[in-house]
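Peer 1: Provided herewith is a single structure, encoded as structure tokens, for subsequent inquiry.
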Amino acid sequence: MRYIFVIFSLVLLTFSAGLAQVDTLGVDSILLNIAPPSPISNLTVYDKANDHGHALILEWTPSPDDGAGMNTVMLYEIFRSESPDSPFVNVGSVPLGNSRYDNIGILEKESRDYIPDNTDLYYRVDAVTINPEVRASSEVFGPVRSYSNWFHRGRVPVLLAVLIFGGLMMYFVTVARKGAELYVRPLAGISAVDDAIGRATEMGRPILYIFGLGTADMISTIASFTILSRVAKQVAEYQTQLIVPCYDPIVMTVAQEVVKSSYLDAGHPDAYNDDMVFYITTNQFAYVAAVNGIMLRELPATNIYMGKFYAESLILAETGAVAGSIQIAGTDEVGQLPFFIIACDYTLIGEELYAASAYLGREPIMLGSLKAQDYAKAAVIILSILGIIAANFGLTAFTNIFKVLD
Amino acid sequence: MKRGVPLIITFVVGTVLIFSVFIPPMENLGENFTLFFDIIAVFAFFLGGGNLLRVHLTKLSRRKRDWEYSIVTIVGFFFMLACGLFKIGNPGDISASLTAEGSWFQTIYESMFVPLGSTMYALLAFFVASASYRAFRAKNREATILLLAAFIILLGRTPLGTFVTSWIPDSFSIMQIPNLAIWIMNSPNLAGQRAIMIGIGLGVVSMSLRLILGIERTYLGGDDKL
Amino acid sequence: MNAFTPPLALALVDIGRVISLVLIAGGLLWLLIRAIKLKEVERRVIFLFIFISVAAPILFPTVFKEKATPIVKAVFDKIESLPPGSKVLLSYDFDPAMAPEVQPMADAFSRHCLVKGHKIVYMCLFATGQGQFTRTMENVIRPEFPEKIDGVDYVNIGYKAGNEGVLNVIISDFKKMFPTDVNGVPYDSVEVFKGIRSCKDLDLIISIGGGRPGIKEWVLFVGDPGDVPIATGVAAVVAPQLYPYYPKQLLGLLGGIKGAAEYESELVIHYPRFKDSPTPALLMMGPQTLAHIVIMAFIIIGNVLFIQGRRKEGKQ
Amino acid sequence: MKRSTLILMGLVVIVFALSWIFKAISFHGVEEHYVLQGFLVTLAAFLTLSIMSFLYRDNPFYKFAEHLFVGISAAFWMSMGFWSTIVGNLIPRLSEGLSNFFKVHYIPGDYNIFFYIPVILGILLLMRLSRNYGWISRWSLAFIVGTTAGLNFIRYLRSDFINQVSATYVPLLVDWQGIGHFFSNLSLSASGQFIMMLANWVIFLGVMCGIIYFFFSKEHTGMFGRASRVGIWILMITFGASFGYTVMGRISLLVGRITFLFRDWMGLNI
């Protein structure tokens, strides 16, 4: 019922605004006869916490005429000024039923919406009826100032998490550097890579290495670079052929560098040429079409898919199966994991892909960071158990710790 | 210079961005940095285009296998590029939208780009079927679980699932395929997704830290020797 | 197919239905018998079956009734409960390849918002989403809502490169990223944008898509930090991984063509004026059902082969 | 080339030439450029069928479509990037003259000078083309990686990690009214108390076991090994379920293409 009334009034409002434009004298007489509403009360204005300044929050008790009678308040208009005497400027409005307005300024000084920091400001809120002429102004509130905060208090839990995790990592990296033996469980997908390269050599067929659609900034792509460097090193040693078609130009440049230095490390810098790693196109399906063609024409012995994959995962993996290649995949794209699991011989699941780069490096520092990750997981398990107990006994204080969304 | 400077850049940029989250006046920093990133990416596209041309021109000049098709790629590339950069056939002036109705760019997009892309994507329907036939076999316990879960969900997505199990009484209604399918999606499936996501979340966090601290540096390529 | 279709055509459709069903069922049975005799099915035969099972119900259409599941209903009810004039953002985060699955959702959302009198802001995170908006414009807004005015009832601000970077900006300032709409009208002159400074001022955001950038970015970069209600329509492939976000970070979700079909039928129930509007998703459920059955049949045939093969090995 | 191949190619050419003629006739009077429109629809159908022919085997038609696709798509993104990012976002902040030339709104600002940074980094990236100074491109790369590492670090910690953990806090007892009530109302009804509770228990234990599967630095033996085994089962259910759920979407895509062929190209009234 209330909405119908609102619609009706809005229609009237637009109608009257239209009339006003055509002829200012022709305003409907009903609209002129509205009695002024009661103003709002208890206006308070305060600085918005945890922000970079230039923002204030207004709160008030709504007008008694909010939602009743013909002098119903339609909206509240907010006015601001830098002194109580100079003219007030309308800075925004909210529909009826509201009792709060966040006056958030923008940073361009020329703009009307700019709110200066550390300056006395005065506010006023008008209760406006259907006829914009009929309104009631509140008392002026002020002076009030907007401040910039140097630290976001609401984000303390996140900062704590950052520090704890960073500390753990530093600790284990130092421990690992000192030479402590760290156990790491084997990953089938990683040991399969070595066998697959051997197989390609025996068959005299190339190895196809695919980054997927990741860009150079994605964590999965970066992990994939490390795996590629290992694969390339072995390929260089065995003198097998390597094909790396790329989707992203930046990934291509990096991959060229990675392969080049792997060939150098393996002692065969002359065997490297820039044609091994090449760009195709930055379009998902054009890229897939081209890679499919490569698979059926070059018949690689092994296809390695490491990185970010989307819908193309199954098209690639099934075409690879048709070509009779051994296929090893790894991705952190949860939606595509099922397809790789089903169509490939070995698959690194999510986090395993990142861990793989640490495995292959076998550098103690990398293994140290894995250990830190495991401790964080143990913390998750403990927190979950505590949390679930708390949740079941109605201890909301505990679960609220995690309400750090803003 | 070749390796030290990049490591310092990564460290500084990374740390500044992490701490900007806690310091409200710096909140816009991440925003601007991502704007920068897009601009850099456009330069990279030109790098890619250059490489593409190089690959196909080499293929053409050396008369490698299938060189004839490289002509198609090169012609297609230049034609589309000309249509796009010069807004050929665009009904408006220079400020008009690139994809305005009637421009050559939009016409090529609709009559070539769209059918090619969607057909390639549609091939998935066939591959989903061939993969199910080839790979869903009850070889061991894990494979059987995979197979059963997939089968129940498939059944639950069709009226057939409702039909074959509608006789089951209400007190055992979880055994009705549609209910079971929803239950699997909302419970074990959810648990699995969540476990993977927590793992990935941690992995990303730890990898990011390794990158910022300069522990992970393969992405920078070789050493100064090169 | 409409009320004036001559009886002969109707009979032909029935005959077609029967023939294709017999063809598929017979073929599958034959393959099953071959499987018992340990004969593998060739890949191309599977492809052919899929083609027939999809093509036949398109030629001879069949419509099934759909009932909205709670997760779909949640989105519908949200749009239904917002007061007229609310600001809804529809983001077309998909390309033509994904369109068959999600375009029906985009059109249904547009219909629903416009009929409720909401103001719509259209944008896209995929460059190619622009072209998809044109489809909605031509198929929904112009023919069904000729009275709605560009800039007043809806506005299209188009595409900006930058993936989540774009979201990162508009969460605090729309104008910075989109100084004008696609027609070059400055931000401040667009009626719809009155009172919208950032995403936080929107009443609802709906991302329609399935890839990256998409709904996940919307949740991480806008929904969570800005506390804005977000709903989505996605390709079936990403729907399961979005369940963890429901209902806390995502108020509802349409998964794949089935979700779209449910939404369409809900729309028709509440608004009889849409009875004759196209319902592509509902029509698409016929091929779906048949193709699902064929795929299940092939899983069974594959396992029959596997069991027979193992039995033979056991005997040797 | 074999004779049969030539005959086949000839046939295909004839079919599509005829299609062009028929489509042009059908568009006559409806569209202004009916010959062009007829060609475009025929071309789209030809490309659609060329890609589909890949299912049979690799062939010249597929190769043609593939190479064409690669060429136009590479140029597509270059044009898009140029107009929307360079002209749309960069030029309005750098030069008033260029803004006027491209007819975009110039955005004055005190910090616009900083927008030279990405331009410089972009040019450094292009140094990659130089044999001797290619290494400078690493600076831009370091900037990109540093930026995303910093952004990802916080984002994943907040949204993906902390939120997913807190979402696991599900009530293990649903509508609990005492143990007697629980047993007397025990049923396998989908909306019953037992099934609701079971769902939450599965979520909780499933997540725990799944996480245990991802432990790298502890041997998976004993109790730990058993939990990790359950973890992998849960993952398998997830993968199977996601696969089954996806099929629907894949079929829809094919429906889209086949509808195009039947309705837009062949002109069937469906």
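Condition check ((1) more than 14 Å from residue B:85 (Cα to Cα); (2) part of a loop (DSSP other than H, G, I, E, B); (3) not small (Gly, Ala, Ser)) across all residues:
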| position | (1), (2), (3) |
| --- | --- |
| D:69 | yes, no, yes |
| D:84 | no, no, no |
| D:89 | yes, no, yes |
| D:93 | yes, no, yes |
| D:97 | yes, no, no |
| D:101 | yes, no, yes |
| D:114 | yes, no, yes |
| D:120 | yes, no, yes |
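Peer 1: Which of the residues belonging to segment B:17-34 are part of a helix (DSSP H, G or I), facing another protein chain (nearest Cβ under 7 Å) and either in contact with a His (Cβ under 9 Å, 6 or more places away or on another chain) or of a type in the set (Val, Ile, Thr) (or both)?
Peer 2: Passing the criteria: B:18, B:24, B:25, B:34.
Peer 1: Ok, one more. Restricting attention to segment A:126-158, and to residues there that are among the aliphatic types (A, V, I, L, M) and surrounded by 15 or more Cβ atoms within 10 Å (Cβ to Cβ), which single residue is farthest from the other protein chains (Cβ to nearest Cβ)? Outline the logic, then answer.
Peer 2: First, pick out the residues of segment A:126-158 that are among the aliphatic types (A, V, I, L, M): A:127-128, A:130, A:134, A:136, A:140, A:144, A:156, A:158.
Checking the rest, the ones that are also surrounded by 15 or more Cβ atoms within 10 Å (Cβ to Cβ) come to A:127-128, A:130, A:134, A:136, A:140, A:144, A:158.
Working: A:127: 17, A:128: 14, A:130: 15, A:134: 21, A:136: 21, A:140: 23, A:144: 18, A:158: 6 Å.
Taking the candidates together, the pick is A:140.
Peer 1: Kindly establish whether residue C:269 is β-branched (Val, Ile, Thr) and surrounded by fewer than 19 Cβ atoms within 10 Å (Cβ to Cβ). I'd like the intermediate steps shown before the answer.
Peer 2: Details: β-branched (Val, Ile, Thr): yes; surrounded by fewer than 19 Cβ atoms within 10 Å (Cβ to Cβ): yes.
It is true that residue C:269 is β-branched (Val, Ile, Thr) and surrounded by fewer than 19 Cβ atoms within 10 Å (Cβ to Cβ).
Peer 1: Mind listing whichever residues of segment A:161-179 are among the small types (Gly, Ala, Ser) and without any contact (Cβ under 8 Å) to a residue 24 or more places away in the chain? Steps first, answer last, please.
Peer 2: Restricting attention to segment A:161-179, the residues satisfying the condition of being among the small types (Gly, Ala, Ser) are A:161, A:166-167, A:176, A:179.
Correct list: A:161, A:166, A:167.
Peer 1: Follow-up. Scan segment B:82-124 residue by residue and report those that are closer than 29 Å to residue D:49 by Cα and assigned to a loop (DSSP other than H, G, I, E, B).
Peer 2: Restricting attention to segment B:82-124, the residues satisfying the condition of being closer than 29 Å to residue D:49 by Cα are B:82-84, B:88-89, B:98-124.
Listed by number, the residues that qualify are B:88, B:89, B:98, B:99, B:100, B:101, B:102, B:103.
Peer 1: Still on this model: If you scan segment D:29-63, which residues turn out to be over 15 Å from residue D:265 (Cα atoms) and more than 9 Å from chain B (Cβ to nearest Cβ)? Give the steps one after another, and end with the answer.
Peer 2: Our first condition is that a residue be over 15 Å from residue D:265 (Cα atoms); within segment D:29-63, this holds for D:29-33, D:51-63.
D:29, D:30, D:31, D:32, D:33, D:53, D:56, D:57, D:58, D:59, D:61, D:62 - these are the residues of segment D:29-63 that are over 15 Å from residue D:265 (Cα atoms) and more than 9 Å from chain B (Cβ to nearest Cβ).
Peer 1: Under 6 Å between Cβ atoms, at least 6 apart or on separate chains: pull out the pairs that start in segment B:47-61 with a residue that is outside any helix (DSSP H, G or I) and end on any residue that is modelled with pLDDT of 90 or more.
Peer 2: none
Peer 1: Against the definition (surrounded by fewer than 17 Cβ atoms within 10 Å (Cβ to Cβ), in the same structural domain as residue C:307 (by TED's automatic domain parsing) and among the basic types (Lys, Arg)), how does residue C:17 come out, yes or no? Break it down into steps so the answer makes sense when it comes.
Peer 2: On the way: surrounded by fewer than 17 Cβ atoms within 10 Å (Cβ to Cβ): no; in the same structural domain as residue C:307 (by TED's automatic domain parsing): yes; among the basic types (Lys, Arg): yes.
In short, no.
Peer 1: I would also like to ask the following. Inspect all residues belonging to segment C:64-74 and state whether any of them is surrounded by 15 or more Cβ atoms within 10 Å (Cβ to Cβ), touching a helix residue (DSSP H, G or I) at 6+ places or on another chain (Cβ under 7 Å) and farther than 30 Å from residue C:274 by Cα.
Peer 2: No, segment C:64-74 has no match at all.
Peer 1: Give A:346, A:359, A:375 a once-over and let me know the one that is in contact with a Gly (Cβ under 9 Å, 6 or more places away or on another chain) and aromatic (Phe, Trp, Tyr). Break it down stepwise before answering.
Peer 2: Values: A:359 fails: in contact with a Gly (Cβ under 9 Å, 6 or more places away or on another chain); A:375 fails: in contact with a Gly (Cβ under 9 Å, 6 or more places away or on another chain).
Of the residues listed, the single one that is in contact with a Gly (Cβ under 9 Å, 6 or more places away or on another chain) and aromatic (Phe, Trp, Tyr) is A:346.
Peer 1: Taking segment C:139-161 on its own, how many of its residues are crowded, with 19+ Cβ neighbours inside 10 Å and among the small types (Gly, Ala, Ser)?
Peer 2: Final tally of qualifying residues: 2.
Every residue, every condition in (1) modelled with pLDDT under 85; (2) within 10 Å of chain B (Cβ to nearest Cβ); (3) in contact with a Ser or Thr (Cβ under 9 Å, 6 or more places away or on another chain), yes or no:
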| position | (1), (2), (3) |
| --- | --- |
| D:128 | yes, yes, yes |
| D:140 | no, yes, no |
| D:172 | yes, no, no |
| D:180 | yes, no, no |
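Peer 1: Could you pull out the residue among A:307, A:330, A:320, A:324 that is in contact (Cβ under 8 Å) with a residue 24 or more places away in the chain, closer than 23 Å to residue D:52 by Cβ and not in a helix (DSSP H, G or I)?
Peer 2: Numbers: A:307 fails: closer than 23 Å to residue D:52 by Cβ; A:330 fails: closer than 23 Å to residue D:52 by Cβ; A:320 fails: not in a helix (DSSP H, G or I).
Testing whether each residue is in contact (Cβ under 8 Å) with a residue 24 or more places away in the chain, closer than 23 Å to residue D:52 by Cβ and not in a helix (DSSP H, G or I) leaves just A:324.
Peer 1: For residue D:76, are the conditions met, namely being crowded, with 23+ Cβ neighbours inside 10 Å, within 30 Å of residue B:190 (Cβ to Cβ), of a type outside the set (Lys, Arg) and within 9 Å of chain B (Cβ to nearest Cβ)?
Peer 2: Details: crowded, with 23+ Cβ neighbours inside 10 Å: yes; within 30 Å of residue B:190 (Cβ to Cβ): no; of a type outside the set (Lys, Arg): yes; within 9 Å of chain B (Cβ to nearest Cβ): yes.
Against the criterion (crowded, with 23+ Cβ neighbours inside 10 Å, within 30 Å of residue B:190 (Cβ to Cβ), of a type outside the set (Lys, Arg) and within 9 Å of chain B (Cβ to nearest Cβ)), residue D:76 does not qualify.
Peer 1: Quick check, is residue C:29 within 30 Å of residue C:308 (Cβ to Cβ), loosely packed, with under 15 Cβ neighbours inside 10 Å and modelled with pLDDT under 90?
Peer 2: For residue C:29, the condition - within 30 Å of residue C:308 (Cβ to Cβ), loosely packed, with under 15 Cβ neighbours inside 10 Å and modelled with pLDDT under 90 - is not met.
Peer 1: So, one more: Does residue C:221 meet the test of being within 30 Å of residue B:137 (Cα to Cα) and within 10 Å of another protein chain (Cβ to nearest Cβ)?
Peer 2: Details: within 30 Å of residue B:137 (Cα to Cα): no; within 10 Å of another protein chain (Cβ to nearest Cβ): yes.
Judged against the criteria, residue C:221 is not a match.
Peer 1: Checking residue A:175 against (1) over 29 Å from the mean Cα position of the chain (by Cα); (2) assigned to a helix (DSSP H, G or I); (3) crowded, with 20+ Cβ neighbours inside 10 Å, which single condition isn't satisfied?
Peer 2: It fails just one condition, (3).
Peer 1: Would it be correct to say that residue A:142 is in contact (Cβ under 8 Å) with a residue 40 or more places away in the chain and out of contact with any helix residue (DSSP H, G or I) (no Cβ under 9 Å at 6 or more places or on another chain)? Lay out the reasoning, then the answer.
Peer 2: Details: in contact (Cβ under 8 Å) with a residue 40 or more places away in the chain: yes; out of contact with any helix residue (DSSP H, G or I) (no Cβ under 9 Å at 6 or more places or on another chain): yes.
Here the answer is yes, as residue A:142 does meet what is asked.
Peer 1: Let me confirm something: among D:112, D:152, D:200, which residue is out of contact with any Asp or Glu (no Cβ under 8 Å at 6 or more places or on another chain), assigned by TED's automatic domain parsing to the domain that holds residue D:236 and either surrounded by fewer than 20 Cβ atoms within 10 Å (Cβ to Cβ) or not aromatic (Phe, Trp, Tyr) (or both)?
Peer 2: Numbers: D:112 fails: assigned by TED's automatic domain parsing to the domain that holds residue D:236; D:152 fails: assigned by TED's automatic domain parsing to the domain that holds residue D:236.
None of the other options fit; the residue is D:200.
Peer 1: Name every residue in segment C:197-211 that is crowded, with 21+ Cβ neighbours inside 10 Å and in contact with an Asp or Glu (Cβ under 9 Å, 6 or more places away or on another chain), in order of residue number.
Peer 2: Correct list: C:207, C:208, C:209, C:210, C:211.
Peer 1: Within segment C:172-191, is there a residue that is farther than 24 Å from residue C:86 by Cβ and not aromatic (Phe, Trp, Tyr)? Break it down into steps so the answer makes sense when it comes.
Peer 2: Residues of segment C:172-191 that are farther than 24 Å from residue C:86 by Cβ, as a first pass: C:179, C:184.
Next, only the ones that are not aromatic (Phe, Trp, Tyr) stay: C:179, C:184.
Checked against the condition, which is being farther than 24 Å from residue C:86 by Cβ and not aromatic (Phe, Trp, Tyr), segment C:172-191 yields at least one hit.
Peer 1: Please determine, by comparing only the residues of segment A:263-286 that are part of a helix (DSSP H, G or I) and more than 8 Å from chain D (Cβ to nearest Cβ), which one is nearest to residue B:52 (Cα to Cα).
Peer 2: Step one: of segment A:263-286, the residues part of a helix (DSSP H, G or I) are A:263-265, A:269-271, A:284-286.
Those left that are additionally more than 8 Å from chain D (Cβ to nearest Cβ): A:263-265, A:269-271, A:284.
Working: A:263: 23, A:264: 25, A:265: 28, A:269: 24, A:270: 23, A:271: 22, A:284: 16 Å.
Step by step, filter segment A:263-286, then rank; the result is A:284.
Peer 1: Every residue in segment C:16-66 that is aromatic (Phe, Trp, Tyr), within 14 Å of chain B (Cβ to nearest Cβ) and part of a helix (DSSP H, G or I), please.
Peer 2: The first filter runs over segment C:16-66 and keeps only residues aromatic (Phe, Trp, Tyr), leaving C:30, C:47, C:49, C:51, C:60, C:64.
Going one step further and asking which of them are within 14 Å of chain B (Cβ to nearest Cβ), we end up with C:47, C:49, C:51, C:64.
Within segment C:16-66, C:47, C:49, C:51 meet the criteria.
The values are calculated or read from the model by the stated rules, or taken from the named source; none is laboratory data. Given the structure is predicted, the values throughout are model-derived calculations rather than measurements. As a convention, Cβ positions derive from the backbone with ideal geometry for all residues, glycine included, and neighbour counts pool all protein chains shown.
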